[in-house]
Structures are given as C-alpha cells and as structure tokens.
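Worksheet: the structure to be examined is printed underneath.
The values are calculated or read from the model by the stated rules, or taken from the named source; none is laboratory data. Predicted model only: the values in this text are computed from it and were never measured. All Cβ positions, even for glycine, are placed from backbone atoms using ideal geometry, and neighbour counts span all protein chains on display.
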Amino acid sequence: MQTSAPQKPRRALFALVIFAGSFLLFLIQPLVARLALPQLGGAPNVWNSAMLVFQLLLLGGYAYAHLLSRWPLRRQGIVHIALLLLAALVLPISLADIAPPAAGWEVLWVPALLALTVGPVFLLVAAQASLIQRWFAAAPGAGNPYPLYAASNLGSFTGLLAYPLWLEPRLSLSAQSELWSLGYGVLILLSMLAVAQRWKTAEATAEPVQPRAERPATRIVLVWLALAAVPSGLMLSTTTLLTTDIMAMPLLWVIPLGLYLLSFSVAFSDAGHWTRILTRMAPVLLLAAGCFAMVSGGQANPAIALAMVGLLFVLAVALHGRLYALRPDPSQLTYFYLIVAAGGALGGAFTALLAPVLFDWIYEHAILLLAAAALMPQTLVIERVRAFLSDRTAGKALVIALVVLATLLSWLLHRATEAGDGETILALIAAMVLIGVALVGVRPAFVTVAALLMLGHGGLSTLALSAQGERSRTYFGVYSVVETEGGRFRQLNHGTTNHGRQWLDPERRRDPTSYYGDSAGIGIALNGAAPDAAIGIVGLGAGTLACYRKPTQRWTLFEIDPQILSYSRDGSFTFLSDCAPDARMVIGDARLELAKEPAGRFDLLAIDAFSSDSIPLHLMTEEAFATYGRALDRDGLLLVHISNRFIDLAPMVSALAEAQGWQGRLRFDDEDLAEGLTPSVWIALARDEQALARLEGDKDFAWEPLPRPALRAWTDNNASILPLIRW
C-alpha cells in the first residue's frame, strides 16, 4: 500500500508534462507555416512541406530520446533540461532570413527555411513524449507507460484546435510567438519536476532500472514502419485535397492532422472498444468512400471531401490499433517510438517529396488507400463467410469467381461513369462494395476489388489523361489541358477549377471566355482603359485577358508558376501570342515582384491569382493592398477577382478598401451570358469616386455598392477565414 499510493500523483504529473509538450509542439506547427505563407505564394503544398520538416525533426527528437535513454536517469534529466534552456536562446520564433528559392526548387527550399526557423526547439520538444514515458516506466510498479501516449496525442490535438479557433483569430503572429515562448518556459519547469520525481530512482542505480528485452525481429520492425508510414502519408494527401480547392490556411491544415493524432489516442487505449468497432468498419468505409480517390475533380464536392476526412480517421485508427497490438516490452519503448517516427517521416517524404516528382496527379492518395487495405486487420464483418473461405476448394473457387465478377463490374462502372449515368453508377458501386465485404479476410482479393472499384469509378479516365500527356504537376498544383463541349473549347484546369478556356474555332479564338467576358467587371474596366494605359495583370491562367490589349498600351503580367506560362508559349493557348506577344512577363510571387516596381507604374492592376479555387491568403491582406496602392497611379483602378465556391470574400475586400481609404464597387456578372462565359464576381477599387464613375458610364452594366465590411481586415499578422466561409 505504501509503494502504490504515491503512483497516482506521479502518473498525473508525467501525463501533464507529456500533454504540455505535445500541446506546444502542435501549436507551433501551424504558427510557423503561417509565418512562411507570404514568401511562398500561398501554395497548398506549403503545409505538406512544413509537415515533412516537422516529421523529420520528430524523428530526430525520438532518436535523441532513444540515445539519451541509455544513460542513467539523473544524467538524462540534467542533459535534457540543459539543452531545453540552451534552445530557448532562439526564441521568440521568427522566420529565418535566407535567399528566395530559384524557380522549381521550392520543394527543397521550403523545408530548409522551416528547419532553420524552428529546428532546435522543435527537436527537443518532440523528444518529450517518448523520453517522459521512459522516465515514468523506470520506477518499479509504475505500470504500463503506453497509454501515456494517448495524453501526448490528446495534447497535440488540443494544440491544433486551439490555433485556428482561438489563437489565430485573436492574436498577431508576433504575439502568438511570444505566448508560445512563455509556454516553453512553463514546459521547462514541468520537466524539472518530472526529473525531481525520478531523482532518487536514478540515484539508486547507474543504469536504467528495468532490464532490456531482446530487440524485436526485423519483420516486426518493418511492419511497425509500414503501419506508421501509411496513415502519415494519407494525412498529407487528404490535406492536399482540402487545401487545393479552398485555401492554404491553418483551419484546413489541422483538420486531417488533428484526426490523425486523435487516432493515436483512440488506438493506444487499454480498453480498445472504439478501436475494435472502427477496425471492423474500416474495410466497408474504404470501399465506399475510397472509390472516389481517382475521380479527377471529384474531391471538390464537399460531401466527398468530408468522406475522405472521415475515412482518414477510421483507417488511421485501424492501422494504429494494429501498431499498438504489436508494441514491444516497455524497455524497448524509445526504440518503438523511433521506428514509428521514422515511418511517419517516410510517409511524409513519399507524399511531399517523391509524389510531386513521380506523378502528374494525386495518385499517391489512391496508392496509400490500397496500402491501408493491405495492412489493416482483416476483421470479417459477416462471420459466417469464414466457413466458406476456410474451405480449400470451395473457398478458392468462390474467391476467384468474385474477383472475376468484380472485374466485369469495374468495366461496366467505367462505361457508366463516362456516360454520366448516375443510377447505374450507384448500383454498380453498391454491388462491388458487397463483393469487397464478402472478401474481407482474403487480403489479396480484397485489395484487388478495392483497386478495381477505384479504376472503374473514374480511375481509367484519370490514367488516360496522364497517358496522353495532357496533365502536369508542379509545387503550385496539378494542371490539365482538355478539350470540352465536343471539342469546341480548350480549357485549362488547375485542380478542379477552370482557369480559362479558348475557342478552337480560328475565327473566335480571340473572343473572351469564362470569367473574363465584356460584361464581367474586368472586361468593362479594360475596355474603358485609356489607349496609352499601363496595365498590370496578376495571374496569367490561359492568358484570356491579353486580348483586351490596345496597340499602344503597356502590359505587364505576373505569374508565379513557369508551367502556366509554358502553356501560352507552346501553343496550347494563343491569347498571349495573338494579342500581346511583346507583353512583359514577370515570373515570381506577384506581391514580392510588385514591391520592386516603380511607384505609380500602373493605371490598372488586376488581381486574378488562384490555386485551383484557393485564394492565396497573402495577396488579401492590408500589407498586400498597400503594395498594390503603391504600384498604382493616383487615379488608377484596382480590380480584384473574388469568384469562389466556398468563401464570400466581398466583406473582406470591403474591409481592406476601408483600411486603405479607397472607394469600391462590385460587379456580379451572371445574367444573359454569351456562350463560353461563366458567372463571375469582380470588385473595382479606386482612391476617389471619379475613377469609379468612369466604369459606370455604360448603364447596361450595373455595379453594386460594396457590402458591409468584415469586422477586421486581414493582415500578415492576423487573419481568420472562419467568418467568411459559406457554411
């Protein structure tokens, strides 16, 4: 009784230290990535690059903890506390000052920037979870240390939610950094208390108290590695699907990561009730939701995106549950977590580094889903099926027959998908899901059916587009050039969004299309521009706006991705070569490049930069609008394109205009549109009403007053998208 009673406060203390460290660890991740966004064009891949750095630093932290655990506990505590104090010298956090990246090298430059910014502090805090668990387990009678990992992931989950929901909307980035530094000081004090709890234990022996068990077999270690890598990669590929079509922003970063971390808390539980339930559901959900994984553009549907997020959580619980079931003796705890961290880094490297180079589309998501199908526990949903499958002759014959039937249904599903026959598609998917469920327990057959389902439901069409060479992928997104409406138009798609189209009829190929018609806000403004005006366009797209150029006008076009410019230079789109072949092209982030332009250079500046349907946040802040104002002539016009499926940007642009002292008008062009045009929303801003009055001279095109401004204009230091989402 005397030895067991004190254990409760000790466990609580160690759980608190682990919770606090993980809370800070995952609070700093979106903070640092948010700091980096203005330098990186708001690209959706910024978070994947950041996550790769964090996973590598986490691996380094776990390696440090594993090596440190070989020393006596007293020495471990002294060294760790000393290094925590030393790392505090780099606080508060600020972005490292390094040269900007050369075009095409962003995928390596971003990790380098983030590692230099936060590396030492992150590595040491990352070591806390496994190191503190090891200290807890060192005392006789301490009990199973692995459930403390649930406290770690609960802290991580809480930190992730706290950032977009509480910290980001209320505090500037500098204040966030200072608050985090204060929390780091509290963590050092808590770590000192944990060392004090084990001081006598460390003094009693020069070696770790518990004898070390034999290291697990190589096969088991490889299984650990795979079970950690697949959920990690899935978390990043799911994040890419979300941020491509909405916005690169902390809220959408943390949803997949938060659920990924929460899956550890569920899986690393002694009770394991939810793990068993979700593991049994996982094969069914993988078939039902995973069938959308290879549909080009299908993930833009909010319901499908939500299903993908739910699928990530269920699969992560199933895989991490199997990982927990294979955990080693506590004496091998730090080695186990080192392998888990290595698997996480491996999955991150595959998704963030290799996939963008190897694939011209987000094929990594489908590959990782199939890997999950191969690794997850094959728990039968219908136990009676086991009797049939266990029979050597009848079972094999049944499996072969079901796989052949699934192959036939997959081909029929492909045909129905091409024809857009919704009812047939649903019926065939349901039939294939049932076949897959029947084959749970026969792992190769189950994986085969899952792959056939993906291929039939859009996968073959997606692969065909890649085989034809009509798709490309860069750090800034996935692009495809396709012919639409029976070969009448050639269209540039960025992710799931139309970024411009051109008539293939030679007589009409200079005609404006999509969001850029004569009746759109930008069309009205460019048609009314003076013959000798200086025009600046941010975002090239297909180059449609170039054909508004008048012979004596001076045009400058800004584009962050050289791949977009190549479409205008290789003849895919001819707007630029037909109408403005001598226009000045500037490759790079428009905000940084505009800051280099002479003051008052442009009479009209149009902001039309999107990544799929995602708006680069750093182009919509007070600092960005101040840059635009500097680049504009005193009487100049600023046109901002705000068409968006998910976010109402008009109140924010109104707030930004108010902050700059500008007047504004809104043009919603959605009535009596000519063929080839799509609805659009543009806002025109100017320093005085006279410039706007010129736009309203043609009463055929009605402009509206700007809506009520948002409560707070975005700044580089403070921006939250929550009030603007079209819920």
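Could you tell me whether segment 590-609 includes any residue that is touching a residue at least 24 places away in the same chain (Cβ under 8 Å), within 19 Å of Ile721 (Cα to Cα), in contact with a Pro (Cβ under 7 Å, 6 or more places away or on another chain) and surrounded by fewer than 21 Cβ atoms within 10 Å (Cβ to Cβ)? No: segment 590-609 contains no residue that is touching a residue at least 24 places away in the same chain (Cβ under 8 Å), within 19 Å of Ile721 (Cα to Cα), in contact with a Pro (Cβ under 7 Å, 6 or more places away or on another chain) and surrounded by fewer than 21 Cβ atoms within 10 Å (Cβ to Cβ). For segment 556-577, a residue qualifies if it is in contact with a helix residue (DSSP H, G or I) (Cβ under 7 Å, 6 or more places away or on another chain) and either among the charged types (D, E, K, R) or closer than 20 Å to Asp603 by Cβ (or both), and the qualifying residues are Phe558, Glu559. Does Leu722 satisfy being over 30 Å from Arg509 (Cβ atoms) and at pLDDT 80 or above? No; evaluated as a whole, the condition is false for this residue. Counting only residues that are modelled with pLDDT of 80 or more, assigned to a helix (DSSP H, G or I) and among the aromatic types (Phe, Trp, Tyr), segment 360-400 holds 1 of them.
With respect to (1) more than 29 Å from the chain's Cα centre (by Cα); (2) surrounded by 22 or more Cβ atoms within 10 Å (Cβ to Cβ), the lone exception for Asn493 is condition (1). Summed over segment 603-633, the residues that are hydrophobic (A, V, I, L, M, F, W, C), out of contact with any Asp or Glu (no Cβ under 6 Å at 6 or more places or on another chain) and modelled with pLDDT of 85 or more give a count of 10. Among the residues making up segment 436-464, a single one is within 30 Å of Val110 (Cβ to Cβ) and either in the same structural domain as Leu358 (by TED's automatic domain parsing) or buried (at least 20 other Cβ atoms within 10 Å of the Cβ) (or both): Thr462. Contact annotation: residue pairs with Cβ atoms under 8 Å, 6 or more positions apart or on different chains, pairing a residue in segment 633-648 that is surrounded by fewer than 17 Cβ atoms within 10 Å (Cβ to Cβ) with a partner that is assigned to a loop (DSSP other than H, G, I, E, B), are Arg634/Gly600; Arg634/Arg687; Asp635/Arg687; Asp635/Asp688; Arg645/Asp613; Arg645/Arg726; Asp648/Arg726. Identification of helices (runs of 4 or more DSSP H) wholly contained in segment 541-622 with 3 or more residues that are touching a strand residue (DSSP E or B) at 6+ places or on another chain (Cβ under 9 Å) yields 562-569, 590-594.
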